[in-house]
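What follows is a single structure, written as structure tokens, with notes after it.
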Amino acid sequence: MASHPIGVFDSGYGGLTVFKSIASLLPQYDYIYLGDNARAPYGNRSFDTVHQYTLGCVEWFFKMGCPLVILACNTASAKALRTIQQQDLPRIAPDKRVLGVIRPTAEIIGKYTQSGSVAVLGTKGTVNSDSYKLEINKFFPEINVYQKACPMWVPLVEYGEYQSEGADYFVKKYLDELHSGATNIDTILLACTHYPLLADKIKKYLPHGINIVSQGPIVADSLADYLARHTEIEHQLTKTGSKHFYTTDDTADFDNHASVFFGEKVQSEYVHLKG
Ligand code: DGL
């Protein structure tokens, strides 16, 4: 029988933090995960480049039989999703769906804040796109959204330095910078796939009582809700509970890192993408 899995995409390993929550809430579906490690990180790349790379990966998922693809990468969600949904899908695959991580998070973030001031921490690309500010204010116009790019955090996690003193330095530095330009924040959104691995250190340098919100559980709940409402997509999905992992770069390297992000042993296969 042909497999019709849910595709989960990230520029690299980080999306595994989101995939982990999805697979634990919805274990019945088949999944394939693709990390575009050969071209990661996406965080500092232009709109055009992120769109071109992400679209190439989305087309690969479609060839693999996925009716639905989740962009678990914030940068890809911020810089490529809208163009893919509005321009590419009607042309290349009108019956397939691609969803991101920004909207589900924006829809719910207002429920965490009492003070009405929220900080969004992400890559330069995510912050400069203003996507979170725009989406959050669509749902919660009264909320003040402060944004802070934390460009050193992804490399610290990528290189396995997220428990080091260097990580303490850069966590404190960006949080101090955030607080010097913002007041009354009671909620911090980790709007990057890698940041949940720094959550303990982030907590250490924040005043007591601030909510730290990771996206995995939010995106998983939102996907469950989407599938309940879109039976035309849900009915196409195969349900044998399988999980397959692919990377555009070295598989041994992927497997080593992936187990940290995913919390269990991962065995990946190589996929060659042009471009
Ligand atoms: N996955 C990216 C994100 O969530 C972080 C890594 C990258 O810059 O590619 O924004």
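A few notes on this one:
- If you filter the range 40-57 down to residues that are in a helix (DSSP H, G or I) and within 11 Å of the ligand (Cβ to nearest atom), you find that the one that is surrounded by the fewest Cβ atoms within 10 Å (Cβ to Cβ) is 53.
- Members of the range 108-121 that are touching a residue at least 40 places away in the same chain (Cβ under 8 Å) and out of contact with any Lys or Arg (no Cβ under 8 Å at 6 or more places or on another chain): 108, 109, 112, 113, 114, 115, 116, 117, 118
- Of the set (1) part of a loop (DSSP other than H, G, I, E, B); (2) away from the ligand (no atom under 16 Å from the Cβ), all apply to residue 176 but (1).
- Qualifying position, being surrounded by fewer than 16 Cβ atoms within 10 Å (Cβ to Cβ) and assigned to a strand (DSSP E or B), among 269, 232, 264: 269
- Considering 176, 186, the condition of being without any contact (Cβ under 8 Å) to a residue 40 or more places away in the chain and closer than 13 Å to residue 119 by Cα is satisfied by 176 alone.
- None of 166, 110, 160, 181 is at positive phi, more than 12 Å from the ligand (Cβ to nearest atom) and of a type outside the set (Ser, Thr, Tyr) except 160.
- Filtering the range 65-83 to residues that are out of contact with any Gly (no Cβ under 8 Å at 6 or more places or on another chain) and within 24 Å of residue 195 (Cβ to Cβ) leaves 80, 82.
- Residue within the range 211-223 that is in a helix (DSSP H, G or I), in contact (Cβ under 8 Å) with a residue 24 or more places away in the chain and among the charged types (D, E, K, R) present: yes
Residue-by-condition table, conditions (1) away from the ligand (no atom under 16 Å from the Cβ); (2) of a type in the set (D, E, K, R); (3) on the phi < 0 side of the Ramachandran plot:
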{"position": "85", "(1), (2), (3)": "yes, no, yes"}
{"position": "95", "(1), (2), (3)": "yes, yes, yes"}
{"position": "117", "(1), (2), (3)": "yes, no, yes"}
{"position": "121", "(1), (2), (3)": "no, no, yes"}
{"position": "128", "(1), (2), (3)": "no, no, yes"}
{"position": "138", "(1), (2), (3)": "yes, yes, yes"}
{"position": "144", "(1), (2), (3)": "yes, no, yes"}
{"position": "149", "(1), (2), (3)": "no, no, yes"}
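- Strands (runs of 3 or more DSSP E) fully within the range 58-157 counting 3 or more residues that are within 13 Å of the chain's Cα centre (by Cα) and buried (at least 17 other Cβ atoms within 10 Å of the Cβ): 68-71
- As a summary of the residue check, residue 11 satisfies the conditions (1) closer than 18 Å to residue 216 by Cβ; (2) more than 15 Å from the chain's Cα centre (by Cα); (3) within 16 Å of the ligand (Cβ to nearest atom) except for the one numbered (2).
All of the numbers you see were taken from the coordinates with simple rules; none came from a lab. Quick caveat, the model's predicted, so the values are computed rather than measured. Cβ sites come from the backbone with ideal geometry, for glycine too, and all protein chains shown count toward neighbours.
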